[in-house]
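Following: one structure in structure tokens, then a few remarks.
The values are calculated or read from the model by the stated rules, or taken from the named source; none is laboratory data. Note that the structure is a prediction, hence the values are computed from the model and not measured. Note that we place each Cβ from the backbone using ideal geometry, even for glycine, and neighbour counts take in every protein chain shown.
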Amino acid sequence: MKPAPFEYVAPESEAEVLDLLGRHGDDVRLLAGGQSLVPMLNLRIVQPAVIIDLGRCASLAYLNDENGALVCGTMTRQITAERSPDVRQGCPLLAAALPYLGGKAHRNRGTVGGTLAHADRLAELPAVALALDAELIVRSEGAERTVAAVDFFLSDLTTSLEEGEMLHAIRFPKAGTTARSAFAEVGNRRHGFAVVGIAAALEVDSDGACAQARLAAMGVGATPVRLAAAEQILEQGSLSADAVCAAGDAAAQAVDPTDDIHASVAYRRRLTATLVQRTVHEAMDGTRRAAA
Amino acid sequence: MSGGTVEVRLTVNGADVVRRVEPRYLLVDFLRHELGLTGTHIGCEQGVCGACTVLLDGVTARSCLHFAVQVAGSEVTTIEGVTADGTLSPIQAAFHSNHALQCGYCTPGFVLTTVELLRENPTPDEAEIRQGLTNNICRCTGYVNIIKAVAEAASNMPGREG
């Protein structure tokens, strides 16, 4: 038994959760799937006075099709989303990224909302949310607001959630027939944390030229970042090998990664270029490229 | 409620159990210390090594990453429960005959992970076996014999569990 003592509550409704959140101030943590929070509790990196377990709130686990968007309740298990035909069809980039989130045992229990609200800088779904311009639906007692992904992730493990607020659901825009997407990451182990990952969401016109590109990188900063310089090159239309190569190089120049024991700055830049190329090619031809 | 205990009811290997524990009591500690089911091993206590893997409502889960109170009402299967009579399951027998364990510390987690793997994919190829076991760490064997054992178990028990 490693965690410090805490008071545990497991309400069965979201209204009770929000009421408790409002009353307990900031010394409280919400427990979703626990696959990131419980290690931190075991290591006593966090020692909240109160833990509110969302696991009994059945109403928070859902996948709905609403006005061209796939709305994912915060407690939807990652494995449920990964295996959902609605996700695979409506939000293929999300479906492509989900298998990278951890081992099967973690994805069986981890939640879509949990990993987004935890906002680890090496988590995959924040990059996916950024690439898709997803919206995060945030609730507090008697109030709801919608936050664009670009405004939600502030730093490593830090979001724009305020005291008393919780992530209720995530609205992922559904992919139309002109959407092409891919996700790729490279890590030092197959299922360890990634070093760098790229989520790529493209829109093509009827000639197969690129009409819009949204690329998000993880592992090159405290939050996922959009790769505007690379997007602009791709949006000139051509997705020739030279154009994609130039986009990768532009992305590598634009990012500002740091050194750590896992990888050097140079390696992270190199991976950024490689993974931009790999995801754009995969998005366009639907086949996974061998590691460069 | 800090420092207090809560009542936790679980179904473990088919038997209903009830104990009073602190909310911070991890499922793995509940199994080992309260129930004496010491086949579930504690390795890293941060979800990485897989030694504490159990089946939670039928699917693999890290018992070090759940509080007992959090999973109250669930069904848990530990290594002691993979067969009803204590004999070796086909997976365990394949681990034995292929020398897929040395110290054995990781083995319960590997066996339960394999139960789920073969249920979802009864005929995995070697790459799928390696992928399926990638989140369980073995420090003795180098994995070669574990892969062989899982392949043999798959060929011995198409579509069956255990």
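Please report, ordered by residue number, the helices (runs of 4 or more DSSP H) entirely within region B:42-153 with at least 3 residues that are within 15 Å of the chain's Cα centre (by Cα) and closer than 18 Å to A:Arg190 by Cβ.
Numbers: elements: B:90-97, B:107-120, B:126-132.
Output list reads B:107-120.
With B:Thr114, B:Thr83, B:Thr123 as the choices, which residue is polar (S, T, N, Q) and within 23 Å of B:Cys49 (Cα to Cα)? Walk me through it before giving the result.
Numbers: B:Thr83 fails: within 23 Å of B:Cys49 (Cα to Cα); B:Thr123 fails: within 23 Å of B:Cys49 (Cα to Cα).
When all the criteria are applied, what remains is B:Thr114.
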Review point. With A:Ala250, A:Ala229, A:Ala243, A:Ala254 as the choices, which residue is free of Cβ contacts under 8 Å to residues at least 12 places away in the same chain and at negative phi?
Key: A:Ala243
Review point. If you scan region B:4-39, which residues turn out to be without any contact (Cβ under 8 Å) to a residue 40 or more places away in the chain, among the aliphatic types (A, V, I, L, M) and part of a loop (DSSP other than H, G, I, E, B)?
Key: B:Leu35
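Scan A:Phe153, A:Phe183 and give me the residue that is at pLDDT 95 or above, buried (at least 24 other Cβ atoms within 10 Å of the Cβ) and outside the structural domain of A:Ala263 (by TED's automatic domain parsing).
Working: A:Phe183 fails: outside the structural domain of A:Ala263 (by TED's automatic domain parsing).
Among A:Phe153, A:Phe183, only A:Phe153 is at pLDDT 95 or above, buried (at least 24 other Cβ atoms within 10 Å of the Cβ) and outside the structural domain of A:Ala263 (by TED's automatic domain parsing).
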